[in-house]
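To start, the structure itself, in structure tokens.
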Amino acid sequence: MKTNLPLDADRLWADVMALADITDPVRPYTRRSFTALFLEGRAWLAQRFAEAGLVTRIDTAGNLIGRIEGNNPELGVIAIGSHSDTVPSGGRFDGIAGVATGLEIVRALRQSGARLDHTIEIIDFLAEEPSEYGLSCVGSRGMTGSLDGKMLDLTEPGGETLRDALRRVGGNPDRLIEAKRNDISAFLELHIEQGIVLESRSLDVGVVTSIVGIRRIEIVFQGEADHAGTTPMALRHDALAAAANTVAAVRRVAEQLAAEGENYFVATVGILTVEPSASNIVPGRCRLVIDARTTNPELTARFVGTIDLESAAHAAAAKVTRPKFETLSDGPPVACDPDLRAALRQGAHDLGLGEMDLPSGAGHDAAFMSRIAPSAMVFVPCRKGKSHAPEEWADREAIAAGAAVIYQAVRALDQSLPRSRGGEAA
Ligand code: HGY
Ligand code: MN
Ligand code: MN
């Protein structure tokens, strides 16, 4: 266990545990974006930010931002952040560890008496996980000018639009332009690896090389609800028959693309709703969402083309229609900034920590932040690589080591960074 870290591992751990405990008690660890629990977690974070001396605000894209001015404000901002919302039953460390890391780094800087030349911001991005409105990374899209009207019109099952939900959590969809930034000189994010590589190699941190591109597609099959006992097989319009064959096609085509070997490719159907969903009714309507990820957008185009054709064929075979085959979101793969990666690697070496380069199969706010600023990530090991499940776990020492690497990099970058891209203060 590393002991000479430049920050307080216990204080950092206490924050992670406290935030994780703000969860749906019957579905640990759940704090879905836009819910009362999420807002309770936000209020807890805002209080901690203020106690740490950060000037705190919610920007018009709904991001919680804490800020401490630097000695040379015209140098731009070094931002550290992640997200405090979770998937259902999964996010004990996913996102939280990154936001708590930023908070601890600010505290450690203050305790060291250091006042950086750059302004420091700690960001809790709104709704990084795919929200009930069907969109992920809502806040980081907003900060990078990638949150458009069509996205804001998305609705959750109860009918509320993302636009109204954004307003409800303190954002302002009519003034999103104010959230777009051009004054960030570097963005850094700590995250659990959500994979098994670091643990299996007994390494302390991963310096992320690239983040996969993610395409999410919604398909709806419309058939006819009918009596399960009296409707002959030949007369059915069974929406689930078409959906089930499409799910099988998603897996088959993804396995074929992954087997080609040059590029990373995975695809998942994690949402499948059946209506009216009763054992004695032929399913009348099905909705499924596909999550496809790759390092090569050409594979996405091939995958989507094949699934479009096959899902249409399965609809015809089941004598149902396919009223919706729509892209919900489509983010390209991004490379992390080489200079920031070098600073993170150096930080790990200075602390005597074992590190390796590692690609990310998970999506992150850093993927959007890379559109407006040099961005990079540090991964810390998580037990058996498990994530998006209640068993998700990262050790106290692992999180502290990863946070210390970012602390070291921030100190170094404060001296070495060029002016921010925009060169203008916020
Ligand atoms: O889905 C993801 O990759 C991330 O955990 N939001
Ligand atoms: Mn996640
Ligand atoms: Mn995450």
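The values are calculated or read from the model by the stated rules, or taken from the named source; none is laboratory data. What you see is a predicted model; the values in this text were computed from it and never measured. All Cβ positions, glycine included, derive from the backbone under ideal geometry; neighbour counts span all protein chains shown. For the accessible areas, the whole protein counts, side chains as well, though only heavy atoms, and no ligand, DNA or RNA atoms are used. Shrake-Rupley method; radii C 1.70, N 1.55, O 1.52, S 1.80 Å.
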- Message: Below 9 angstrom from the Cβ of A348, what's the summed charge of the other residues (Lys, Arg +1; Asp, Glu -1)?
- Response: -2
- Message: Starting from 0.36 nm per residue, how many nanometres of slack lie between A258 and D164 once their C-alpha separation is accounted for?
- Response: 29.9 nm
- In whole Hz, with x marking every Gly and Pro, tabulate ³J(HN,Hα) for region 283-292 from phi via Karplus 6.51 cos²θ - 1.76 cosθ + 1.60, θ = phi - 60°. x, x, 8, 9, 10, 10, 10, 9, 10, 10
- Pick out which of I177, I399, I372 has the largest mean-square fluctuation in a Gaussian network model of the chain, springs linking Cα atoms closer than 10 Å. I177
- Task: Heavy atoms only, probe 1.4 angstrom, no DNA, RNA or ligands counted: give me V282, V197 ranked by accessible area, highest first.
- Result: V197, V282
- Item | Segment A36-R110, length gained on full extension (0.36 nm per residue, minus Cα span) | 23.4 nm
- Add +1 for every Lys or Arg and -1 for every Asp or Glu among the other residues with Cβ under 15 Å from the Cβ of V220, and state the total. -1
- Note on the structure: Treating only Lys and Arg (+1) and Asp and Glu (-1) as charged, each at its beta carbon, one finds that the chain has a dipole about its Cα centre, in Debye to the nearest 20, of 280 debye
- Message: Quick check: at a probe of 1.4 Å, how many percent of the accessible area of region 38-95 sits on carbon and sulfur atoms?
- Response: 55 percent
- Efficiency by 1/(1 + (r/R0)^6): what FRET value for A234 and T321, r their Cβ-Cβ distance, R0 = 22 Å, to the nearest 0.05? 0.75
- Message: I'd like the carbon and sulfur percentage of the solvent accessible area for region 163-261, probe radius 1.4 Å, heavy atoms only, ligands and nucleic acids excluded.
- Response: 52 percent
- Residue separation between E391 and Q47 times 0.36 nm, minus their alpha-carbon distance, gives in nm 121.0 nm
- Message: Using the Karplus curve 6.51 cos²θ - 1.76 cosθ + 1.60 with θ = phi - 60°, what ³J(HN,Hα) values do you get for each residue of region 173-185, in whole Hz, with x for Gly and Pro?
- Response: x, 7, 10, 4, 4, 6, 7, 5, 10, 9, 10, 9, 8
- Message: Straight-line reach only, C-alpha to C-alpha below 17 angstrom: list the aspartates and glutamates that K384 could link to, leaving out same-chain residues fewer than 8 apart.
- Response: D94, E193, E199, D204, E392, D395, E397
- Query: Accessible area of R141, 1.4 Å probe, to the nearest 10 Å²?
  - Reply: 20 Å²
- Say the dipole of the chain comes from +1 at the beta carbon of Lys and Arg and -1 at that of Asp and Glu; which of T155, P323, N263 then lies farthest toward its positive end? P323
- How much area per residue is accessible in the chain when the probe is 1.4 Å and only protein heavy atoms are counted (Å²)? 40 Å²
- Under a 1.4 angstrom probe, counting protein chains only, how are L154, L64 ranked by accessible area, largest first? L154, L64
- Message: Using a Förster radius of 22 Å, what is the FRET efficiency between D308 and R251 based on their Cβ-Cβ separation? Nearest 0.05, please.
- Response: 0.85
- Query: With r defined as the distance between the Cβ atoms of V55 and S200 and R0 fixed at 45 Å, what FRET efficiency is calculated, to the nearest 0.05?
  - Reply: 0.60
- Using a 1.4 Å probe over the heavy atoms of the protein chains, calculate the carbon and sulfur portion of the accessible area of region 303-405 as a whole percent. 54 percent
- Message: At 222 nm, what value in deg cm²/dmol follows for the chain if DSSP H runs of at least 4 each add -39500 (n - 2.57) and the sum is divided by all its residues, to the nearest 500?
- Response: -11000 deg cm²/dmol
- Message: Ordering D291, D8 by accessible area with a probe of 1.4 Å, largest first, what comes out?
- Response: D8, D291
- Can you tell me the alpha carbon radius of gyration of the chain divided by the globular rule-of-thumb value 2.2 N^0.38 Å? 1.03
- Item | Amide H within-cut-off set for H237, under 5 Å, with H built and near neighbours excluded | E224
- Query: Counting only DSSP beta bridges with both residues in the chain, what percent are antiparallel, rounded to the nearest 5?
  - Reply: 65 percent
